[in-house]
Amino acid sequence: MFLEGLTADCLIGFAEWERLVKQTVVLDFKLWFDMAGLVAKDRVDQGDFNTKALAKRVRAFVEQSEFQLIETLADRIAGLVLEEFPVRSVELRLSKPGAIRGAKNVGVVVFRGEEI
């Protein structure tokens, strides 16, 4: 499953001005989990993987965070997803648009969980 373009505003960066104003980060997820149960019953029950719940939890976490590095933020988000949701693996692409003058985007990709 994938979730693309999830946005959240947070304090991120190590420059003095970055510690004063919230910036938007963009998150793209690839998630691996057993879909057999969801497919068989064609609905989401308590305890099942729920994309909306994941998006809500991740946005809340990011918006409360104050990391200096996007690498640290991405690592913590990937850990949160593995700990709190029934997924085997997560790949997260975290982008900080406009962070580098002359560049459209800058970011990091992290993979956590079982090898795929």
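Values quoted throughout were computed directly from the atomic coordinates according to the rules given, and no laboratory measurement underlies them. Here the structure is a predicted model, which is why all the values come from computation and not from measurement. Heads up, the Cβs are rebuilt from the backbone with ideal geometry, glycines too, and the neighbour counts pull from every protein chain shown.
At-a-glance table
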| item | result |
| --- | --- |
| Ordering of 8-20, 36-48, 101-113, 78-90 by packing [mean C-beta count within 10 Å, highest first] | 78-90, 8-20, 101-113, 36-48 |
| Cut-off under 5 Å, modelled amide H: who pairs with residue 13 long-range | 68, 69 |
| Hits among lysines - C-alpha to C-alpha of residue 56 under 22 Å, sequence gap 8 or more where chains match | 22, 30, 96 |
| For the chain, fraction of C-alpha pairs farther apart than 21 Å, in % | 38 |
| For the stretch 32-46, 3J(HN,Hα) per residue [Karplus equation, 6.51 cos²θ - 1.76 cosθ + 1.60, θ = phi - 60°, Hz, x = Gly/Pro] | 10, 7, 7, 8, 4, x, 5, 5, 5, 9, 6, 6, 10, 10, 3 |
